[in-house]
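Student: Right, I'll just put the structure down here and ask away after.
Derivation of every value follows stated rules applied to the coordinates shown; laboratory data play no part. Everything numeric in this text was worked out from a predicted model, so none of it was measured. As a convention, Cβ positions derive from the backbone with ideal geometry for all residues, glycine included, and neighbour counts pool all protein chains shown.
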Ligand code: ATP
């Protein structure tokens, strides 16, 4: 979220970010300093409390002293007022100093009362000294004895502060504190027309709630926005606040997660208290799944999580509809949410925010191309066609990257090539032209990529090859790019099977042409296995297993299907991959000349375009 790359207040937010980073750093330094102080304090106390072995030898236990006095073995007792130490001189031969022992007594007064009679009887010499009061010593003594407690309290206070006990509950836009109002409007959101229509009534309600109340209408308290990261959920929430001209309090679910029990719940309470004072207003909780995931009965952090969620439920039930607070929440994992959150009176309205379709992508690109200079060859419609599946945030990023690439290459305007490079940079990573690659690796990559490209040419459901390259990009040694100019809502079984064949084309080519297989196919294998698993367990596409969903929250739930079904899934996944591999091998074996020609062209040019690739098939 929050990837508003081209907002005018970008500088401010960057400054704020660096300020926040500095505060974070300061907090860490203070924490480390406190820990060091604690350790030093503990060390000092240990040093002062630890006596030398000699002194230890001269110590006597209190009970031993009483026994010794009762036995009549004591010659002299020396005590000092205000101290708990008694020096005992035992009867016997030798120097007086050698016969002396020290004893810690609970209280000198209680001790003298206890032994008075016996001591008088035995004529034990008693020497009671009046110690002058040393204020400095007294104070340092007291300080040292309290030091650990003081340090502990300071440490706890600091941690509590860092955890946000007194911290801010939510970032406010347009509050009475003079904070900047949300300047986002519905016009700043491209595409998503139906979703905007659905939410427009919320804006109207926030603007004139009385009209709705008079009519007896109940407006939803909570609206949940579902969608992939970057689809514009935060943008929509801000736009509602901006259009209605009401304050906007934003907080992320992860900010409620606290180390100390109860703090998360207290933050929720504070957030709603704040909102009530600002009503009419909008509360926006991003990543609500961080606190709103299903409650469990476990202990520890789970209990803390449950408490936070319970508090959220209580608050949502607690405020009156007449309080004119709308709680908007966003998540990209709706399946994780606790059912209680979705009950009437809570988040009873849910709006799905999809990744934009072809027209939506073009509209988003248009919106984000304001303030940018483009060359005449730039066709936003065609870029929209090449970026199926991209979210709004990714599209905004494409144009920003293109501007960076154009500047770096000293272009006067952003060219179509700059944009295409930006798309590749975002999908496959940065081109690494400087990396030294051995001829053997180059050949392997060339056959691997040629394998993907040639195989997919023979698969009717697969899209056209747009570019094949053996120049490393990101983590990939090479890549085959396909055209993505069709927005699809459903994918057929044949298409999935053929996609697996295209994926296995890389390894099949390595084996056929070089009689070797490599680690280069690891990602292809991972993706193909994922497709096979989903076909069987999510889409119910296997005849034997049937149309059942094996996607369960708890692995124990699988037990109802029995081991037979689970084993069957394993066997079928293997079989699907094996079949795909065999099909790829067969296609390539029948077209070895084409495979060799494409691989050879790649070794010579490193990169071939769609037109150059198509030439081989004429
Ligand atoms: P997350 O789930 O990661 O929080 P999000 O769905 O809240 O993501 P936003 O933070 O709202 O996504 O979007 C990020 C940025 O992407 C926006 O600031 C905006 O620049 C751009 N964007 C996304 N969708 C759109 C859209 N429909 N129209 C215009 N810009 C968009």
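Student: What share of Cα pairs, in percent, lie more than 19 angstrom apart in the stretch 439-615?
Tutor: 58 percent
Student: Percent relative contact order of the stretch 358-427, based on C-alpha pairs within less than 8 angstrom and at least six residues apart?
Tutor: Relative CO of the stretch 358-427 lands at 38 percent.
Student: If you don't mind, another one. Order these peptides, 509-522, 589-602, by their mean beta-carbon neighbour count within 10 angstrom, highest first.
Tutor: Those peptides, ordered most packed to least, come out 589-602, 509-522.
Student: How far apart, in nm, are two points set 7 Å out from the Cα along the Cα-to-Cβ line at residue 130 and at residue 217?
Tutor: 9.1 nm
Student: Counting only C-alpha contacts under 8 Å and six or more residues apart, can you give the relative contact order of the stretch 171-352 as a whole percent?
Tutor: Values: 325 pairs, mean separation 56.8, N = 182.
Contact order relative to length: 31 percent.
Student: Rounded, prolate or oblate: which one fits the stretch 57-131, using the alpha carbon gyration tensor with axes a ≥ b ≥ c (rounded when a/c is under 1.5, else prolate when a/b beats b/c, else oblate)? Walk me through the numbers before you get to the answer.
Tutor: Numbers: a/c = 1.39, a/b = 1.16, b/c = 1.20.
It is rounded, given that a/c, with a ≥ b ≥ c, falls under 1.5.
Student: How long are the semi-axes of the equivalent ellipsoid of the stretch 358-427, defined as square roots of 5 times the Cα gyration tensor eigenvalues? Whole Å, largest first.
Tutor: So the three semi-axes of the stretch 358-427 are 18, 12, 10 Å.
Student: Relative contact order (percent) for the chain, with alpha-carbon contacts under 8 angstrom and 6 or more residues of separation?
Tutor: Numbers: 884 pairs, mean separation 60.0, N = 618.
10 percent.
Student: What is the calculated FRET efficiency for residue 114 to residue 310, with r their C-beta to C-beta distance and R₀ = 60 Å, to the nearest 0.05?
Tutor: Efficiency for this residue pair is about 0.55.
Student: OK, next. What ranking do 95, 526 get, fewest neighbouring Cβ atoms within 10 angstrom at the top?
Tutor: Least crowded to most crowded, the residues run 95, 526.
Student: Go through 267-274, 409-416 and give me the packing order, highest mean Cβ count within 10 Å leading.
Tutor: In decreasing order of mean packing, 267-274, 409-416 become 267-274, 409-416.
Student: Spin-label point model (7 Å from Cα, Cβ direction): what's the residue 492 to residue 373 distance in nm?
Tutor: Going from the residue 492 label point to the residue 373 one covers 4.9 nm.
Student: If R0 is 45 Å, what FRET efficiency do you get for residue 614 and residue 183 from their C-beta distance, rounded to 0.05?
Tutor: With R0 = 45 Å, the Cβ-Cβ based efficiency is 0.40.
Student: While we're on this one: Provide the FRET efficiency to the nearest 0.05 for the residue 600-residue 437 pair, computing r from the beta carbons and using R0 = 22 Å.
Tutor: 0.85
Student: So what's the Cα pair-distance distribution over the stretch 171-352, bin width 5 Å, in %?
Tutor: It works out to 1, 8, 17, 22, 21, 16, 9, 4, 1, 0, in whole percents.
Student: How many angstrom lie between the Cα centre of the stretch 84-110 and the Cα centre of the stretch 366-385?
Tutor: 95 Å
Student: What does the extension gain come out to for residue 512 and residue 60, with contour length at 0.36 nm per residue minus their alpha carbon separation?
Tutor: Numbers: separation 452, 0.36 × 452 = 162.72 nm, distance 8.96 nm.
Answer, rounded to one decimal: 153.8 nm.
Student: Given 0.36 nm per residue, what is the gain on full extension from residue 33 to residue 475 after removing their alpha carbon distance, in nm?
Tutor: Details: separation 442, 0.36 × 442 = 159.12 nm, distance 4.11 nm.
Result for the pair: 155.0 nm of gain on full extension.
Student: What three numbers, in Å, describe the spread of the alpha carbons of the chain along their principal axes, ordered from the longest?
Tutor: 126, 76, 62
Student: Which distance in Å, rounded to a whole number, links the C-alpha centroids of the stretch 492-546 and the stretch 556-606?
Tutor: The two parts, judged by their Cα centres, are 4 Å apart.
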